There are 2 protein chains.
Amino acid sequence: VSTRRFLKGGSEELSRELDGRISAFEVKDCDLAGRTGALKVGSREVMTPALMPVVNPNLLEKGYPLTPFRLKEEFGFDIMITNSYMIRKNPDLSSRALELGLHRLLDFDGIIMTDSGTFQSYVYGGGGKNEVDVDPLEIVEFQRNIGSDIGTILDRFTTPDTDRQRADSDLRETMSRGSLSLEKKGQMELAVPVQGGLHLDLREEAGRLVREMGVRYSPIGGVVPLMESYRYAELVDVIISAKKGLGPSIPAHLFGAGHPMFIPLAVALGCDLFDSASYAKFAKDGRYLTMDRTRHLREMESFPCSCRTCSRMEPKEMLELPPLEREALLAEHNLWSLRAVMGEVRSAIREGTLWELVERSASFHPSLYEAVRHLGDRADFLEDNAPATTRRFMCSDLNLGICRPEFRRYRRSLCKNYRYPDADEMVLVKGTSGLRGTVGSRKLHSSFGRGSWVVVTTPIGPVPSELLDMYPPGQSVLPPIDSLPGEIRNEVENHVKAFSEGWAGPVRSADADSLSDDAVEKAPSGLDLHRIINVSRMQFGRETDLEIDRVLLGEYSDLSLLKERVVLRTSRRTGKVRNVLAVDGDKEEHILSLRAEDGHFTLKLAGGARLHHAGWPYRVTVDSETGEYNAMGYNVFCRFVLSAGECIRPGDEVLVVDPSGSLLAVGQARITGRHMVEGDSGVAVKVREGIKGK
Amino acid sequence: VSTRRFLKGGSEELSRELDGRISAFEVKDCDLAGRTGALKVGSREVMTPALMPVVNPNLLEKGYPLTPFRLKEEFGFDIMITNSYMIRKNPDLSSRALELGLHRLLDFDGIIMTDSGTFQSYVYGGGGKNEVDVDPLEIVEFQRNIGSDIGTILDRFTTPDTDRQRADSDLRETMSRGSLSLEKKGQMELAVPVQGGLHLDLREEAGRLVREMGVRYSPIGGVVPLMESYRYAELVDVIISAKKGLGPSIPAHLFGAGHPMFIPLAVALGCDLFDSASYAKFAKDGRYLTMDRTRHLREMESFPCSCRTCSRMEPKEMLELPPLEREALLAEHNLWSLRAVMGEVRSAIREGTLWELVERSASFHPSLYEAVRHLGDRADFLEDNAPATTRRFMCSDLNLGICRPEFRRYRRSLCKNYRYPDADEMVLVKGTSGLRGTVGSRKLHSSFGRGSWVVVTTPIGPVPSELLDMYPPGQSVLPPIDSLPGEIRNEVENHVKAFSEGWAGPVRSADADSLSDDAVEKAPSGLDLHRIINVSRMQFGRETDLEIDRVLLGEYSDLSLLKERVVLRTSRRTGKVRNVLAVDGDKEEHILSLRAEDGHFTLKLAGGARLHHAGWPYRVTVDSETGEYNAMGYNVFCRFVLSAGECIRPGDEVLVVDPSGSLLAVGQARITGRHMVEGDSGVAVKVREGIKGK
């Protein structure tokens, strides 16, 4: 269980802290370790994941046509970044910035982030000097004085080839500057980057230190050299370590990820913000940006894009324009392209299809393919963050898909929680075309004799027929098992073997085609009960040793006894089970409802009470004052969460309890347990039923 | 050698045929079996691959906002398709069409294709009747009379489940209607579809019959049921068989491929035209089209697109519009999306990156992944058509990439043509990060003693150091060998074993990291000569048993002897060999130049004369009259080609000869030998040097 280090609610210290809040980061939807959210700074807001165009103030002075005003009004960018070091170096700009403030100077009514010169120290510093001629605290004050929304400390840029000792001392210096800078930030939000080079323990420590310092925005820095040389697999490790330290509540900015090809993967790992100077730089070189790569305008036949710019002309016509006009149009296209990529990423998270986007991005370059495959060895991290259920689950290349949290959770849960039915034989059927389509569950239920228990072999593993509608098998579109790569097919076979091992009865293999179409109504008796038993065990039994079915339905020795204790209400339209009622003496209690969309249960208050009584760990403790509201059916907000089960993932059913441990409500988690505790903005639990009414 | 069935050039019959020509199809660039081209019908022209929006004339009458005029002027579609059967069924429309002509009726100044009612017979016919109430010849005359640019015969729609006998009789009926219809077509171009269901021999025969009938436009029909049920692997077989029969010269239209997810693969197989009603149908259902899939507007968070429509609003705002307005905007986006997809495909062919696009499309759906993998068993077809060289060669997933023509050609050519150097030992070095980067050729040349011959193990196979700059190894970006799937790594190891088998000397394995950086200048003597020998053998020796190096440079017993006969001119800037001159007595003849971009030779006239003398089969026979011009350096056009080597692929160096077999010129093939003979439009050979001057 995660617990807040400082109790919130009521104390003077807290109110001060909350009143002083400048920014808030609220997560909305989650997929893999990625999320959509809203970052609010002062009165301004941006939807994340977001990309901020880099604006060069010197170019602007020279009349660069893509003004910040156009970036927002025409292209829809609500956040931008510029360089305070460059402004400060230019006396004229500097004094006007101090006089007018950054927003008026640049004519931008969105969030303005400023960088501090660290990257310049990397690019121009060289020779081990690695510093620019600016005082670390002065540049923070300067950023504050020109009215930056999010300033950045002058951190030490640690390159990937830096040895551990140097990386460590750089890190201490960065952190020390961080805490001194926090005192100077005033009303500005302050970004403190995570450095540490390729030393993963340092990256994680840096993240943790940043979080404990009370920083509310953190870039992951020093990664440009990795991106420039396509070292994406190492970059994955760097991001994962930084994120472990930072935790889910702090918006993470991948500094310098200008090319969009890595963005889907970075977002899947939990990066929320990106900056790009590439739209302008590439345009200067005559290069045309798309999600998958860049091309030279001169080698293009037609535009692979229908943005406002590309739909007006053909590549040849653009080539013939005067250089400056051509550069401006290319930059416009590049911005449209970046905008579309970010829209695609946000939409994918909302739909639960981020994996598909990551898989697609793997085809952009062998190094990206490698990086996605490398995730297979880092799958724990995805599991720590990924939602408990999604709407859709598609995978084309299982060499990559093997690290999907769904696979691992399902297999582990099946081994740990599944209860064999009381049947005469196990019939193993090979799923012929992925999971959906050929082998439907109804057909399976009906095609074998009363005592036959059908198990379908799928790329996810063995799927007993009563679980075919449950997430993940029920939501999957997967390759047919015969087309799997040898190594993965072996793995599946091992899972089937392991699954059958505890089964004492006979096992028979059967062909899916031999299943008859008729007798749909003759489902073996007890199958629905088995579904209740096993879905509840699989869904609620993750990370606990409780015998969930007995907790919910009471102790029973066999199915016939249980049958008397359970009432199943079926849908009139589909004939499928919808509600589960437990009979306790004369009383019927509605304990569970079965969702059609993912075959999971929603927990009713009566069911929650039973799980609560047994000490089920999916619980969120809220402070007593706001708990009153939750008991009346209002949602739980992060800032009032005192502790939460670490096992909780977005989408999990949870119990809401007061500090004394009494049940207040049941609901669905929106974010992980860790996030509920560390975060202070947004909804933690969507309450469904409270003890004092809905 | 392919030979024209009827000699062209001079005969009365031919001039009549050429004068009567209505359409012309010229291929420009090739990649895999795909190509860009220009389809001209009368005075109108469209760039291919192209997609034609389906226009429903009845909806148009009711005020559908996406008028044909807008399709062309606003969205840039230069070709559309409408249904002549629907026009004819509507008495009012029909009479106006006859009076005004189709172009004025629809207000469309591009190419108009018309369909005939066949698809309606499939959709509404049912019950084995499979006919509509229209006379097959009458509907052709009707299309002619309303001024369609490309009419379509009323063919028999053969569904995938049709048995062979029925498919065969359907096919005969279609062909018989085809030849009768040709007589009625007048100035209209007439499309005769390839049917045959899933019977591949029938598909190929149908293609051949269509071609021999003199048809100049052919749709591949009866495939919608395959696409609707994601049976893409079978669709690949159908297209390949149809294309084998049709040959490369007839533009192929994949009928009803409305969703763009299959388009990259279809184009890679040689499909040139597509039609789509989906932009409008999907919009009616509230569905939003992207290359990879469709989504419901209501589940979208942000638009993954920056088209003129999507850049104006957010999904939520679009959802709130009145239904008709929303439908129109969705249809607009869908059209922009289709336009971008076609632009992407055309650009990819021009750049030689069509494979990358196919590989990306494999991630769109497990069935597409399966279909691309399935290509591995059909790789011969790709090899029959793919260019001899391209600019770039990237592959992320070798499970898919294994069918790339480059892999197969390289491995086969290495086995057949490579000549071992005279060295003390073979040093096997494992390429550590794909092919480029870590193991560069210069470094390799220099790092071992004089007698050591370095061979790099790569995913393509073993690459002797002197071939590291040659296409394909020199253009490749590939995964590191250690990351390859087990089966493919085994295959590579087998290739290395097979390659080393004929080598009698010792073999030593070495680590790439152990190669020293210095002594770049100490390349083993003779290495450049080995490069000349082996590049020429690999490049010119495909499909012939000639000892190419001896043909070009004369018989020699050892390298020191050869050295006296060859002068290598190196580039002053790079120090690399540029020109190869053969010394024959007092005479120095410039026979070859080495191209930097792909490490292949361009053939000079003197080199061509040597190959010609030896009977080298890469020759194109042109008619004697136009041959005069080729001898003066003018390009060879398809319509004057009498015969051409079947081994010729786009990009190959070729000899141009007159009907008596005398050499006229050397040049580079633009298309395959088969295409040169079957086609009658466009450039066949880009002549470099003619015997009568440039």
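Here residue A:321 passes the criteria (1) free of Cβ contacts under 8 Å to residues at least 24 places away in the same chain; (2) more than 9 Å from chain B (Cβ to nearest Cβ); (3) in a helix (DSSP H, G or I) except the one numbered (3). Would you please list the contacts, defined by Cβ atoms under 8 Å and residues six or more apart or on different chains, that run from a residue in segment A:330-351 that is in contact (Cβ under 8 Å) with a residue 60 or more places away in the chain to a residue that is polar (S, T, N, Q) and part of a helix (DSSP H, G or I)? Pairs found: A:336/B:311; A:339/B:311. Within segment A:344-369, being surrounded by 24 or more Cβ atoms within 10 Å (Cβ to Cβ), more than 30 Å from residue B:478 (Cβ to Cβ) and at the interface with chain B (Cβ under 7 Å from one of its Cβ atoms) holds for A:346, A:347. Could you look through segment B:395-424, keep only residues that are acidic (Asp, Glu) and surrounded by 22 or more Cβ atoms within 10 Å (Cβ to Cβ), and pick out the one that is nearest to the other protein chains (Cβ to nearest Cβ)? This residue is B:397. Whether a residue is crowded, with 20+ Cβ neighbours inside 10 Å, within 30 Å of residue A:639 (Cβ to Cβ), of a type outside the set (Ser, Thr, Tyr) and within 14 Å of another protein chain (Cβ to nearest Cβ) was assessed, and residue A:37 passes this test. Filtered by the rule that a residue be acidic (Asp, Glu) and facing chain B (nearest Cβ under 10 Å), segment A:303-318 gives a lone residue, A:314.
Restricting to segment A:57-71, and then to whatever is surrounded by fewer than 19 Cβ atoms within 10 Å (Cβ to Cβ) and of a type outside the set (A, V, I, L, M, F, W, C), can you tell me which residue is nearest to residue B:308 (Cα to Cα)?
Going residue by residue through segment A:57-71, those that are surrounded by fewer than 19 Cβ atoms within 10 Å (Cβ to Cβ) are A:58-65, A:67, A:69-70.
Now restrict to residues that are of a type outside the set (A, V, I, L, M, F, W, C): A:58, A:61-65, A:67, A:70.
On the way: A:58: 31, A:61: 30, A:62: 29, A:63: 26, A:64: 24, A:65: 20, A:67: 20, A:70: 16 Å.
Among residues in segment A:57-71 that are surrounded by fewer than 19 Cβ atoms within 10 Å (Cβ to Cβ) and of a type outside the set (A, V, I, L, M, F, W, C), the one nearest to residue B:308 (Cα to Cα) is A:70.
Of the helices (runs of 4 or more DSSP H) lying entirely inside segment A:200-258, those carrying at least 1 residues that are under 21 Å from residue A:36 (Cβ atoms), within 18 Å of the chain's Cα centre (by Cα) and free of Cβ contacts under 8 Å to residues at least 60 places away in the same chain are A:232-246. Just one of the listed residues (B:254, B:190, B:246) is surrounded by 23 or more Cβ atoms within 10 Å (Cβ to Cβ), of a type outside the set (S, T, N, Q), touching a Pro at 6+ places or on another chain (Cβ under 8 Å) and within 23 Å of residue B:154 (Cβ to Cβ), namely B:254. The helices (runs of 4 or more DSSP H) found wholly in segment A:515-585 and carrying at least 3 residues that are at pLDDT below 85 occupy A:559-565. Quick check on segment A:381-394. Is at least one of its residues more than 12 Å from chain B (Cβ to nearest Cβ), in a loop (DSSP other than H, G, I, E, B), of a type in the set (Gly, Ala, Ser) and touching a Leu at 6+ places or on another chain (Cβ under 9 Å)? Within segment A:381-394, one or more residues are more than 12 Å from chain B (Cβ to nearest Cβ), in a loop (DSSP other than H, G, I, E, B), of a type in the set (Gly, Ala, Ser) and touching a Leu at 6+ places or on another chain (Cβ under 9 Å). For segment A:658-682, a residue qualifies if it is over 17 Å from residue A:246 (Cβ atoms) and either of a type in the set (A, V, I, L, M) or not in a loop (DSSP other than H, G, I, E, B) (or both), and the qualifying residues are A:663, A:664, A:665, A:666, A:667, A:668, A:669. Among the numbered conditions (1) assigned to a loop (DSSP other than H, G, I, E, B); (2) over 24 Å from residue B:350 (Cα atoms), the only one that residue A:346 does not meet is (1).
Residues A:644, A:684, A:606, A:665: which one is in contact with an Asp or Glu (Cβ under 8 Å, 6 or more places away or on another chain), buried (at least 22 other Cβ atoms within 10 Å of the Cβ) and at pLDDT 95 or above?
Details: A:644 fails: in contact with an Asp or Glu (Cβ under 8 Å, 6 or more places away or on another chain); A:684 fails: in contact with an Asp or Glu (Cβ under 8 Å, 6 or more places away or on another chain); A:606 fails: buried (at least 22 other Cβ atoms within 10 Å of the Cβ).
The match here is A:665.
Consider segment A:75-99 and keep the residues that are crowded, with 21+ Cβ neighbours inside 10 Å and out of contact with any helix residue (DSSP H, G or I) (no Cβ under 8 Å at 6 or more places or on another chain). The one that is nearest to the other protein chains (Cβ to nearest Cβ) is A:79.
Which residue, of B:48, B:67, B:114, is under 24 Å from residue B:259 (Cβ atoms), more than 14 Å from chain A (Cβ to nearest Cβ), among the hydroxyl-bearing types (Ser, Thr, Tyr) and touching a residue at least 40 places away in the same chain (Cβ under 8 Å)? Walk me through it before giving the result.
Numbers: B:48 fails: more than 14 Å from chain A (Cβ to nearest Cβ); B:114 fails: touching a residue at least 40 places away in the same chain (Cβ under 8 Å).
Within the list B:48, B:67, B:114, the selection yields B:67.
The single condition among (1) over 28 Å from residue B:32 (Cα atoms); (2) buried (at least 24 other Cβ atoms within 10 Å of the Cβ) that residue B:319 does not satisfy is (2).
Candidates are the residues of segment A:451-497 that are facing chain B (nearest Cβ under 10 Å), touching a Lys or Arg at 6+ places or on another chain (Cβ under 8 Å) and modelled with pLDDT of 85 or more; the one that is surrounded by the fewest Cβ atoms within 10 Å (Cβ to Cβ) is A:477. One residue stands out in segment A:257-302 among those that are within 11 Å of chain B (Cβ to nearest Cβ) and hydroxyl-bearing (Ser, Thr, Tyr): the one that is farthest from residue A:377 (Cα to Cα), namely A:302. All conditions but one from (1) touching a His at 6+ places or on another chain (Cβ under 6 Å); (2) within 30 Å of residue A:29 (Cβ to Cβ) apply to residue A:164; the one that does not is (2).
Any residue that is more than 8 Å from chain A (Cβ to nearest Cβ), assigned to a helix (DSSP H, G or I) and of a type in the set (D, E, K, R) - is there at least one of those in segment B:370-378? Can you show your working first?
As a first pass, look at segment B:370-378 and keep what is more than 8 Å from chain A (Cβ to nearest Cβ): B:371-372, B:374-378.
Right, trim to assigned to a helix (DSSP H, G or I) and you get B:371-372, B:374-378.
Next, from what is left, pick out any that are of a type in the set (D, E, K, R): B:377-378.
For segment B:370-378, residues more than 8 Å from chain A (Cβ to nearest Cβ), assigned to a helix (DSSP H, G or I) and of a type in the set (D, E, K, R): present.
Here residue A:597 clears all of (1) part of a helix (DSSP H, G or I); (2) within 23 Å of the chain's Cα centre (by Cα) except the condition numbered (1).
The values are calculated or read from the model by the stated rules, or taken from the named source; none is laboratory data. Keep in mind that what you see is a predicted model, and the values were worked out from it rather than measured. With ideal geometry, Cβ positions are generated from the backbone for all residues, glycine too; neighbour counts draw on all protein chains shown.
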